[in-house]
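The structure appears below as structure tokens.
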Amino acid sequence: MKETAADARTVERATKIGNAADRCSRIVKSFLAMARQRPPERRAVDLADIVQATLDVTGYSLRTANIEVSLRIDPAVPPIWADPDQLNQVVTNLVVNAQQAMMESQGTRKLSIAAHYDDHRQEIVLALADTGPGIPEDIRGRIFDPFFTTKDIGEGTGIGLAVSHRIVEAHHGQIRVDSQVGEGATFTVTLPASGEQAEERPRVARAGRHQPGTQARILIIDDEPEVAQMLGDIMLAEGHEVETADSGEKALQLLSSSSFDVILSDVRMPHLDGPSLYAALERRDPALLQRTAFVSGDTLSPSARVFLQRVHRPFLEKPFTLEEVRELVDQILGRDDDPEGSLEESPGSKAESDTAVSERAGNQASAPERQ
Ligand SMILES: Nc1ncnc2c1ncn2[C@@H]1O[C@H](COP(=O)(O)OP(=O)(O)OP(=O)(O)O)[C@@H](O)[C@H]1O
Ligand SMILES: [Mg+2]
């Protein structure tokens, strides 16, 4: 259509459609890549090899962009208990982001990659620092959100950091960013050493998360299919049975025909939103309220905040972590590690005081570190 159209307006429209289709296909591919990553294969891997493999692939493009790379990996860094392909993906995402950011700056373009072992915390610390424009404070808290991007259509889907965050977390690590506008950005990934992980595994097993017979039926309600799918994938991987509804109305239909142990709903949706769904359940089947929890992307908005405080139900703040999702579900199923903790007061619950909610909402930049 773009090639054959006679008028400029049609060409422009066709280009837009083409770009959108490209973007969709990349999103689908990223999700497929994410799905394929499960379950990850773990073995002792050498971080220096991972970084080198990434630079082998990105090196040419870094050189042609005039980016100087400084590499300092302390030989004392112990092996990591990890899926090498996934770690490679994390480092590649960070390198590509740094390169894309530095394309915007004139002057020095330098990417410093350094790794050391923190004896005290018993973790491996990998830092990638660039001399790009840095990340303004007002968006720093959102860069790990799925689909958050400042790049033009066709240049970025906003998936790189969301996937990286998930991978690092699945490796029991953390990823964070430090940045001063005008002075570049530094992404730091911390990961436990392989020895520690190997010792930790039996402990996790003893905690009995995947005991047979503890599966639950979970209803996920979100108008964004990507979010619903991601939550669903996490819960399926935990052995639960999942149904999704893309609207409050559809959820009510499902709830009238079958029963669920956990109902996890988005707060903001068109038509019947989280608060209206809650009100409908209050009238129809109040017992279900105890099984309800919420997901919210905008705890900053007064209406969402007031609602979450009023109903005093647990909620997940986007971007949520794997561990947070698990904790929330365990909490509703009454499988909390802390047998004393009530639903409202246990540590995983986020339905707390006004101050706590607003502090967290205003402090999203550190969200991925808070695990
Ligand atoms: N090194 C960096 N310097 C400045 N901004 C950055 C840097 N890394 C990430 N960002 C910001 O974070 C946003 C999200 O990054 P992310 O990697 O998740 O998505 P993306 O690069 O936009 O798209 P994709 O990775 O899917 O191609 C970017 O659009 C950019 O605004
Ligand atoms: Mg990226």
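Here is the figure for region 278-295: residues that are open to solvent by less than 30 Å² (accessible area, probe 1.4 Å) and either out of contact with any Lys or Arg (no Cβ under 7 Å at 6 or more places or on another chain) or not assigned by TED's automatic domain parsing to the domain that holds L252 (or both) total 5.
This table checks each residue for (1) open to solvent by 60 Å² or more (accessible area, probe 1.4 Å); (2) over 17 Å from G274 (Cα atoms); (3) assigned by TED's automatic domain parsing to the domain that holds R326; (4) polar (S, T, N, Q).
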{"position": "I218", "(1), (2), (3), (4)": "no, no, yes, no"}
{"position": "E224", "(1), (2), (3), (4)": "yes, no, yes, no"}
{"position": "V227", "(1), (2), (3), (4)": "no, no, yes, no"}
{"position": "M230", "(1), (2), (3), (4)": "no, yes, yes, no"}
{"position": "D233", "(1), (2), (3), (4)": "no, yes, yes, no"}
{"position": "G248", "(1), (2), (3), (4)": "no, no, yes, no"}
{"position": "L252", "(1), (2), (3), (4)": "no, no, yes, no"}
{"position": "S258", "(1), (2), (3), (4)": "no, yes, yes, yes"}
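If you go through region 134-172, how many residues are away from ligand 2 (no atom under 15 Å from the Cβ), part of a loop (DSSP other than H, G, I, E, B) and either open to solvent by 30 Å² or more (accessible area, probe 1.4 Å) or under 13 Å from P319 (Cβ atoms) (or both)? Final tally of qualifying residues: 3. Across region 81-91, a minimum of one residue is classified as within 14 Å of ligand 1 (Cβ to nearest atom) and open to solvent by 20 Å² or more (accessible area, probe 1.4 Å).
Among the residues of this structure, E324 counts as one that is closer than 27 Å to I175 by Cα and either open to solvent by 20 Å² or more (accessible area, probe 1.4 Å) or at pLDDT 90 or above (or both). Scanning region 120-133 for residues that are hydrophobic (A, V, I, L, M, F, W, C) and crowded, with 20+ Cβ neighbours inside 10 Å yields a count of 4. Just checking, how many residues over region 126-167 are among the small types (G, A, S), within 10 Å of ligand 1 (Cβ to nearest atom) and modelled with pLDDT of 95 or more? Selection size over region 126-167: 3.
The values are calculated or read from the model by the stated rules, or taken from the named source; none is laboratory data. In this text the structure is predicted, and so the values were computed from the model without any measurement. Neighbour counts are summed over all protein chains in view; Cβ atoms, including those assigned to glycine, are modelled from backbone coordinates with ideal geometry. The accessibility values were calculated without ligands, DNA or RNA, using every heavy atom of the protein model including side chains. Shrake-Rupley method; radii C 1.70, N 1.55, O 1.52, S 1.80 Å.
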